[in-house]
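Before we start, here is the structure in question, set down as structure tokens.
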Amino acid sequence: MPDTDRSERRELIILRLIHSGVNSSRLELARQAGLSPASITTIVQRLMMKGLVVESEPARSNLGRRPVPLQIRSNAAYVIGVDIGSFYLRIVVTDINGNIVYKHQTQTEMQEGRTRVLDTTFHCVHEAIKQSGLPPAAIRGIGIAHSGVIDSDAGLVLSYPRPGIMAEWKNIPLRDIFQDEFKVPCLLEDSVRATAIAEKCFGLGRDLSDFLYVDVGMGIGAGIFLEGKIYRGAGGSAGEFGHITVDENGQLCSCGNHGCLETVASCAAVIQTVRTAMEQGIDSKIRDLAAGDLARVSIEIIAQAAAENDSLAFRVLQKAASYIAIGLADLVNLLNPRVMIFGGALFRAVPQLLEDPLRRIIKQRSLEKSANEVQLKISPLSGEAGALGASRLIAERILNDLYIG
Ligand SMILES: [Zn+2]
């Protein structure tokens, strides 16, 4: 390999380490890259001359000189993250380091069909660029998160098994559709995996190399981090926790199987169970909270009713969380994770489910040693985590383009 190629490769490696690290110092980079401090100093010097890396404010200390932390120059590039969720469409504009400069949320209105959803999405993204106040050329890439079965290498939504709209989202080249519209590099990722990436980079996963992220929203999924990297499996679909069978004679799932966890414990399932019970005449505070309109029942309303000791709301939430806990007990036995982090609408609305039934059932059903070792935590990230994770993935992808200039 010619010397220039080798030094460029090293510079790119260091650039990626600085991007992934939390204020890396030269000393720390030398340790991580296995290079001498002198080589690191030279490499960092070149990256600084290229305008890609800056010294961030050194920590003030009376204890003498501290290593100076480095970071990618925040305004070196901006990216966009788009999360096309079943309920909400969320958009963030961030700098290369993931600091949000603009965000927007609206309803996806999936039932309107794909063409309308994409029209709305494009309009909102164009508007986000305008509202961010950045020159359009500063936006160097777009990361897109979508649920369903995603082939991220090919940029395809293979299927989106939701009743009524399945045919609309079969084999859709969503990445290329975005690229045609916005003329910048784009990337497509499954929305739970994108959310898990956000947890790793900006949430409780920052300092953890191994953890399990579990997301319970309209669907259920997980992200498995092993040795600092998300585990993707043979075909990229690892983590489909929502489709483990919890009741072999149960309801038909959107995936075609019967009795998946998602059919009994997702927010969609919880809301449906509540609606059915109320249609059958069961009395509940939820009716008042939803102003008598069953279509307005949401997970937040059910959580509020449960907090006011409504027995239907309490029972339905406990039942859903018990199913999740039974599935998790198996995962605890299988993976022996040290930390499990919970995100998504269900745990944002009812974080106390973590203690009971989750912790209780995991203790009952997993091997004692593994159950004692696992810590359960609630993600501090809000609803835009999926969009933030998608923006992070595209930021990592475009580092190469930035380096080449
Ligand atoms: Zn399923």
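The values are calculated or read from the model by the stated rules, or taken from the named source; none is laboratory data. Source: prediction; values computed, not measured. Note that we place each Cβ from the backbone using ideal geometry, even for glycine, and neighbour counts take in every protein chain shown. Please note that ligands, DNA and RNA were not included when accessible areas were found on the heavy atoms of the full protein model with its side chains. Shrake-Rupley method; radii C 1.70, N 1.55, O 1.52, S 1.80 Å.
Above 25 Å lies some portion of the pair distances; for the range 141-283, what is it as a whole percent of all C-alpha pairs?
Summing the P(r) tail past 25 Å for the range 141-283 gives 36 percent.
Summarise the long-distance tail of P(r) for the range 130-178 by giving the % of C-alpha pairs beyond 13 Å.
62 percent
Quick one: the Cα spread of the chain along its three principal axes, in angstroms, biggest first?
Here the Cα extents, ordered largest to smallest, are 74, 52, 42 Å.
Separate question: Any idea of the accessible area per residue across the chain, 1.4 Å probe, to the nearest Å²?
Normalised by residue count, the accessible surface of the chain is 48 Å².
Heavy atoms only, probe 1.4 angstrom, no DNA, RNA or ligands counted: give me His243, His146 ranked by accessible area, highest first.
Largest to smallest exposure gives the sequence His243, His146.
Okay, moving on. First compute the accessible area of the range 83-166 with a 1.4 Å probe, then give the percent of it belonging to carbon and sulfur atoms.
Whole-percent figure for carbon plus sulfur exposure: 51.
While we're looking at this one, here's another question. Which value results for Rg/Rh of the range 50-176 when Rg is the Cα radius of gyration and Rh the Kirkwood radius based on the inverse mean 1/r?
Ratio of gyration radius to Kirkwood radius: 1.13.
Something else about it: For the chain, give the magnitude of the charge dipole about the Cα centre (Cβ charges: +1 Lys/Arg, -1 Asp/Glu; no others), in debye to the nearest 20.
1220 debye
Which whole DSSP H helices in the chain pass both tests: a Cα extent of 24 Å or more along the axis and a mean Kyte-Doolittle value no lower than 1.0?
Correct list, ordered by number: 311-335.
Sticking with this one: With +1 on the Cβ of every Lys and Arg and -1 on the Cβ of every Asp and Glu, and nothing else charged, how large is the dipole of the range 329-405 about its Cα centre, in debye rounded to the nearest 20?
Taking the Cα centre of the range 329-405 as origin, the dipole is about 220 debye.
Could you order Tyr403, Tyr88 so the one with the most accessible surface comes first? Probe is 1.4 Å.
Tyr88, Tyr403
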